[in-house]
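Data block below; observations after.
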Amino acid sequence: MKICLAGTGAMGEIHAKALEKIDGVEIVSVAGRTEDGVKEFAAKWKIPFASTNLESCVDRPGVDAVILTTPSDQHHDQTLMALAKGKHVQVEIPMALNLADSQEMLDASKKAGKVLMVTHTRRFSNPHREIRRRIQEGTFHLHHMVVETYFFRRTNLNMHGQPRSWVDNLLWHHGCHSVDLAHWVLDEPNWEVWGQKGPDHKDLHIPMDLSVAMKSKKGPLFTMAMSFNNKGPFGGFYRYIGEEDTYKVYRDSMTDSEGKDVPLGDMIAFDRQDVEFVGAIREGREPESNAASVVPTMALLDKIDKSMNS
């Protein structure tokens with residue numbers, strides 16, 4: 001299987017590492033923002049074709065699929081372009097920056113008859129998969145999901161301290177992870193939502209602090225605090241408060257109420273999601289985290305956004 005990779009930043013590196021482990025998969029082209037940057041990336045990962053023009057990378061002979069790790073505001077147009085050329089697509093979150101664009105992407109994938117997978121990495125992470133499994137089998141009854149998402153991003157740099165060409169979005173990007181988890185672990189798209197935001201940053205022109213509350217029709221609550229102003233450990237910290245126990249999740253580890261590690265599988269989420277994308281294409285099926293399953297998440301984000309701006 002021949003892959004076109006778009007984006008040479010932090011997530012581009014992660015996908016290159018994951019795809020290297022899958023038999024029969026080859027990255028044959030890579031697109032990047034700058035000529036020097038994309039050539040350096042291509043040399044590091046031994047990719048034969050590199051360009052600052054994504055379309056020329058998609059059009060390389062034999063390309064079966066495209067993985068988009070580009071800025072959020074480019075996902076919609078680039079996905080439509082790749083699907084129109086008959087390519088399968090995996091797009092990083094957020095799928096888009098509004099509900100209408102997300103729905104259009106889903107419709108385009110159906111028309112093209114191609115896989116459209118959205119990289120909701122948390123769905124592929126062992127702790128969250130274990131929580132979902134226990135809920136589904138009835139051994140864990142969730143009362144309240146509490147999420148803290150913290151970064152220190154008062155300047156426009158990515159997770160590796162490199163300058164960004166775009167401005168991140170606290171709700172539609174980082175909030176997307178956690179709102180999607182609430183929807184996914186409970187298999188519940190119907191929530192009452194409420195949100196509020198702090199003042200916009202004077203240079204970045206985005207709110208730096210957000211709070212979100214949701215209530216499921218099934219009863220459980222969801223509470224999320226988010227900040228780009230936090231000076232301390234960064235990332236997403238998850239607490240699942242249930243009838244039987246309370247579990248704390250950070251990245252790929254989970255502890256119970258006594259602080260004991262919960263035994264989990266070894267496969268990391270970044271590897272599992274690319275294995276799933278390739279497997280879905282090879283087997284002619286819908287992948288986990290397919291576009292149809294993500295659009296309800298985008299609908300929730302749309303409701304939260306409207307709540308914040310009403």
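The values are calculated or read from the model by the stated rules, or taken from the named source; none is laboratory data. The shown structure was predicted, so the numbers you read here are calculated from the model rather than taken from an experiment. Cβ: placed from backbone, ideal geometry, glycine included. Neighbour counts: every protein chain shown. For the accessible areas, the whole protein counts, side chains as well, though only heavy atoms, and no ligand, DNA or RNA atoms are used. Shrake-Rupley method; radii C 1.70, N 1.55, O 1.52, S 1.80 Å.
Things worth noting here:
- Selection over region 257-306 of residues that are over 21 Å from Gln90 (Cα atoms) and either under 17 Å from the mean Cα position of the chain (by Cα) or open to solvent by 30 Å² or more (accessible area, probe 1.4 Å) (or both) gives a count of 14.
- Tally, over region 187-209, of residues that are among the aliphatic types (A, V, I, L, M) and buried (at least 22 other Cβ atoms within 10 Å of the Cβ): 0
- Matching residues in region 110-121 - criterion: being out of contact with any Phe, Trp or Tyr (no Cβ under 8 Å at 6 or more places or on another chain) and crowded, with 22+ Cβ neighbours inside 10 Å: Leu116, Val118, Thr119
- Close pairs (6 angstrom Cβ cut-off, 6 or more residues apart or separate chains): in contact (Cβ under 8 Å) with a residue 60 or more places away in the chain in region 17-45, part of a helix (DSSP H, G or I) and open to solvent by 20 Å² or more (accessible area, probe 1.4 Å) anywhere: Ala18/Phe270; Ala18/Asp271
- Restricted to region 50-69, and to residues there that are of a type in the set (Ser, Thr, Tyr) and either out of contact with any Leu (no Cβ under 9 Å at 6 or more places or on another chain) or at pLDDT below 95 (or both), the residue that is most open to solvent (accessible area, probe 1.4 Å) is Thr52.
- Take the conditions (1) over 19 Å from Ile281 (Cβ atoms); (2) surrounded by 17 or more Cβ atoms within 10 Å (Cβ to Cβ); (3) not charged (D, E, K, R); Ala100 misses just one of them, which is (2).
- Condition met for His144 (closer than 24 Å to Leu99 by Cβ and modelled with pLDDT of 95 or more): no
- Against the test of being under 20 Å from the mean Cα position of the chain (by Cα) and modelled with pLDDT of 95 or more, the options Trp166, Trp191, Trp172, Trp184 yield a single qualifying residue, Trp184.
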